[in-house]
Amino acid sequence: MKIWLIITFSVLISLFLCCQSTAAYPTTERVSIASDGTQGDLDSASASISADGRYVAFTSGASNLVPDDTNKAYDIFVHDRISHTTERVSVGPGGVQANDDSRCAFISANGRYVVFNSEATNLVADDTNQQTDIFVHDRYTHTTELVSKGWAGAQSNGMSVWCAINENGRYVSFWSYASNLVADDTNNRADVFVYDRDTGLMERVSLGPGGAQGNSWSGGNCCPWISADGRYVVFDSAATNLVPDDTNRQNDLFVHDRILHLTERVNLGPGGVQANAVSAWPAISADGRYVVYYSQATNLVPDDTNALADVFLYDRITHQTQRISVGMGGTEATGGWSTFPVISANNRYVAFSSSATNLVPDDTNGFFDIFVCDLFTMTMERVSVGAAGEQGNGNSPFYTFPTISANGRYVAFESLATNLVASDTNGYADIFVRDRGEQDLAPGSLLATVSSSSESGYVNAGFKTVTMQKTGVPLWILAPALILVVCGLFKGAKFNYRKK
């Protein structure tokens, strides 16, 4: 006999949340620095953090982060937070420095690959198209590869920018004005593409039913993020023919499934209602289930009356939209826009930028700040703060994404504030990492019990997404009475346990 029980009853088997204490205090660290700690002599931007939080890639115009930086151009750098070293990765054969600007750094989850766009012509051989191209640098082999390749080996005939890379570095997503990356590209519009670095194949993903090409631009406003396995790509588009019944005449957000070759719209309100204003800057979760984005629409959730751009989360399985940029008790944001959201790989945390003044108590600095929302506890934390929690005295800019490590502990962001770390005197935007400390898996405790019938003296205590202390506790446990300690449960959630 199998019975599914939602843990809301009492007796016999007691399961307690295993609350991990915070072993490390939150700290803020500047990473746009040279290996000897020298601060940059020009602005840094476009931070991207690896899954474990060790590596941070970024763009910088500084000339003193690595030796012999004499190209007077914006370059791409990676800072190792363990070894405290900084390396330049926008380099050509033999480590030659780029002869023009490189921007839009995005690092793979494992920290090995960095994708970026560049106007340089010397990062690979025979780059003569005079266009901004997409490149991937392999930090292990120290090689740089051209990604925005034209069809049949031709060089691209249009600008390619705003790029992302999947978890293992195989797939690169980007948008491009080029018309020769794939065959039959005749719409004369910017499109979104995915390049497979293993097979060398290029695919256009900003397509409608039956593979119809978009009747307007796609991807032109933001980076087309890609899921960890490379299956799903999220992008914005003004096209009206990517899905049926697109009649709102707004910039919308879409997810393309590269396996099923289907495109769906994700900036939707209750019952699938179309957004009544612009939506942009989407990011997709590692598993492809969730899309976070900003929108000025007022009809995506009930009672949206603040007349401000908010951050939303869309669940592609339940088709539900949730507003994330809210204050205590779910109050609407006031005082400023919220934008540029990203979601951690464990789907628990959303980081974003906002100038709202009521998302956390005592927000009086009047600047854009970086916030992290815990989706399980629905609590908000400001992370663009100093080591002691002091609020920043400058913008943590609203025009670049923060990024967050897989477990949500580390958040990398750009800021003009000068008081987040000691001795910040360069007067330029820098890249910082906020270590939020070891996060309690389960704030508080929960007593949950199940009982075993006389027909079956065993309870299945195996869990798919949680862990169990194994000392003296086998997977199958004799009832009727025992205590289990389970780690990984979250306060306020329901958990199903099966009794056999």
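Observations
- Pairs of C-alpha atoms in the range 129-269 farther apart than 18 Å represent 52 percent of all such pairs.
- Using the Stokes-Einstein relation with a Kirkwood hydrodynamic radius computed over Cα pairs, the translational diffusion coefficient of the range 25-435 at 20 °C and a viscosity of 1.002 mPa s comes to 101 µm²/s.
- Dipole axis of the range 63-142 (+1 Lys, Arg; -1 Asp, Glu on Cβ), positive-most option in 74, 125, 141: 141
- Virtual spin-label span in nm between residue 307 and residue 229, 7 Å along Cα→Cβ: 4.6
- Around the amide H of residue 369, modelled in the peptide plane, lie the amide H atoms of 354, 355, 396, all under 5 Å away and 5 or more residues distant in sequence or on another chain.
- Label positions at residue 273 and residue 379, each projected 7 Å from the Cα along the C-beta direction, are separated by 3.3 nm.
- Cβ-based exposure ranking for 149, 72, in which fewest neighbours within 10 Å come first: 72, 149
- Virtual paramagnetic centre 7 Å along Cα→Cβ of residue 315, amide N under 14 Å, in the range 265-279: 270-271
- Under the convention that each Lys and Arg Cβ holds +1 and each Asp and Glu Cβ holds -1, the size of the dipole of the range 25-435 around its Cα centre is about 540 debye.
- What you get for the range 102-158, charging only the Cβ of Lys and Arg (+1) and of Asp and Glu (-1), is a dipole of about 220 debye around the Cα centre.
- Footprinting exposure proxy for 65, 201, 207 (fewest neighbouring C-beta atoms within 10 Å first): 201, 207, 65
- Exposure proxy ranking, count of Cβ atoms within 10 Å, fewest first, for 181, 262, 42, 253: 262, 42, 181, 253
- Förster radius 25 Å - calculated FRET efficiency between residue 35 and residue 100, Cβ distance, rounded to 0.05: 0.50
- Ordering 295, 161, 377 by Cα displacement along the dipole of the range 25-435 toward the positive end leaves 377 in first place; charges were set at the Cβ atoms of Lys, Arg (+1) and Asp, Glu (-1).
We did not get these values from a lab; they are worked out from the coordinates using the rules stated. These figures come from a predicted structure and were not determined experimentally. With ideal geometry, Cβ positions are generated from the backbone for all residues, glycine too; neighbour counts draw on all protein chains shown.
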